[in-house]
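> Starting off with a structure, shown below.
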Amino acid sequence: DTEVTQTPKHLVMGMTNKKSLKCEQHMGHRAMYWYKQKAKKPPELMFVYSYEKLSINESVPSRFSPECPNSSLLNLHLHALQPEDSALYLCASSSLTGANVLTFGAGSRLTVL
Amino acid sequence: QKEVEQNSGPLSVPEGAIASLNCTYSDRGSQSFFWYRQYSGKSPELIMSIYSNGDKEDGRFTAQLNKASQYVSLLIRDSQPSDSATYLCAVPSFKAAGNKLTFGGGTRVLVKP
């Protein structure tokens, strides 16, 4: 079984749509992350949820909204996105003591038309 | 100056040869360093971590760290076509709120049979 599960694998949405990306981890980790990765670029951190607190990369626009219903789930709500937001969105988790040892999900490929 | 820098490649090596990848970082206070491998269309996976100056070997992989010169390298011995991937150097940054793992741009490695 995949230890970090992301759904959907592919998403196509218009600029007026509201959609969500979901991430669930089965590793007992207490920290979860959303990364955005454009083609031929490294992953860029968007949000971190750890110690029951959400940390936000201040450069991330408000049209991205994270939600953490519990310590094993981290959702990313999408609203009024732009075509330049098309990318691979990666969810990851880690233990609190090993925060640099990330286990990534398979990613959600987002296309904004 | 970027926080973490790598040559983008591609680094083309014949099968059986040694692939040598380099990474430099800007924060002199960095204490831990990580190498992630990312196959095309897949998510990154951790392959090596190193915390002390010197070499650390794990199978065909050797990580080398020189904190005085602020570089970390990865050697892949007996390169196989299955090693063809992008290798991401990652260094934690504590400048932002919470721990943030900063990735270099990645080095693409092509192993030719």
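The values are calculated or read from the model by the stated rules, or taken from the named source; none is laboratory data. Values in this document were obtained by computation on a predicted structure and should not be read as measured data. Note: ideal-geometry Cβ built from the backbone for every residue, glycine included; neighbour counts use all protein chains shown. Areas reflect the complete protein model, heavy atoms only, side chains present, ligands, DNA and RNA absent. Shrake-Rupley method; radii C 1.70, N 1.55, O 1.52, S 1.80 Å.
> Under a no-solvent Debye model with one identical scatterer per Cα of chain B, what's log10 I(q)/I(0) at q = 0.09, 0.19 Å⁻¹?
-0.22, -0.95
> To continue, here is another question. For chains B and A, what's the summed buried accessible area, probe 1.4 Å, to the nearest 100 square angstrom?
Details: alone 6160 and 6500 Å², together 11340 Å².
Buried area (both sides, nearest 100 Å²): 1300 Å².
> Just tell me which lysines come within less than 16 Å, Cα to Cα, of residue B:67; anything on the same chain fewer than 8 places away is out.
B:56
> In addition: Going by average Cβ neighbours within 10 Å, how do the peptides A:35-44, B:8-17 rank, with the highest at the top? List each step's numbers first, then the result.
Numbers: A:35-44: 17.6, B:8-17: 13.7.
The packing order, highest mean first, is A:35-44, B:8-17.
> While we're looking at this one, here's another question. Could you report the stretch B:21-72's accessible area per residue, 1.4 Å probe, as an integer in Å²?
On the way: 2580 Å² over 52 residues.
Here the per-residue accessible area is 50 Å².
> Across chain B, where is the longest run that never hits trypsin sites (Lys or Arg not before Pro) in a DSSP loop with at most 10 other C-beta atoms within 10 Å? Write out the running numbers ahead of the final one.
Values: sites that count: B:28, B:95.
Maximal segment without exposed cleavage sites: B:29-94.
> Which three extents, in angstrom, do the Cα atoms of the protein assembly as shown have along their principal axes, listed largest first?
Sorted largest first, the three principal extents are 50, 38, 37 Å.
> Under 12 Å from the 7 Å Cα→Cβ point of residue B:78, by amide nitrogen: which residues of the stretch B:8-47?
Residues B:16-17 fall inside that zone.
> Right, here's the next one. Taking the Cα atoms of chain A, report the difference between the largest and smallest coordinate on each principal axis, in whole Å and largest first.
Reported extents, whole Å, longest axis first: 39, 30, 27.
> With the full set of protein chains in place, find how many percent of the accessible area of the stretch A:62-113 is carbon and sulfur; take the probe as 1.4 Å. Please report the intermediate quantities before stating the final value.
Numbers: 1050 of 1920 Å².
With neighbouring chains kept in place, the figure for the stretch A:62-113 is 55 percent.
> Counting partner chain Cβ atoms within 10 Å of every residue's Cβ in A:100-107, what's the average? If you can, show how the numbers build up before the last one.
Working: counts 11, 5, 8, 4, 7, 1, 3, 4.
Whole-number average of other-chain Cβ neighbours for A:100-107 is 5.
> Oh, and also: Students often forget the sequence filter, so: which lysines lie under 22 Å Cα-Cα from residue A:41 once same-chain residues fewer than 8 apart are removed?
Correct list for residue A:41: A:9, B:2, B:42, B:95, B:100.
> Taking all protein chains as present, what is the carbon and sulfur share of the accessible area of chain B, in % to the nearest whole number, probe 1.4 Å? Let's see the in-between values first.
Details: 2620 of 5520 Å².
The nonpolar share, carbon plus sulfur, comes to 47 percent.
> Another question about this same structure. Between the stretch A:1-48 and the stretch B:1-44, what is the C-alpha centre distance in whole Å?
23
> Now a separate question. Using a 1.4 Å probe, what is the accessible area per residue for the stretch A:15-113, in Å²? Let's see the in-between values first.
Numbers: 4860 Å² over 99 residues.
I get 49 Å² per residue for this part.
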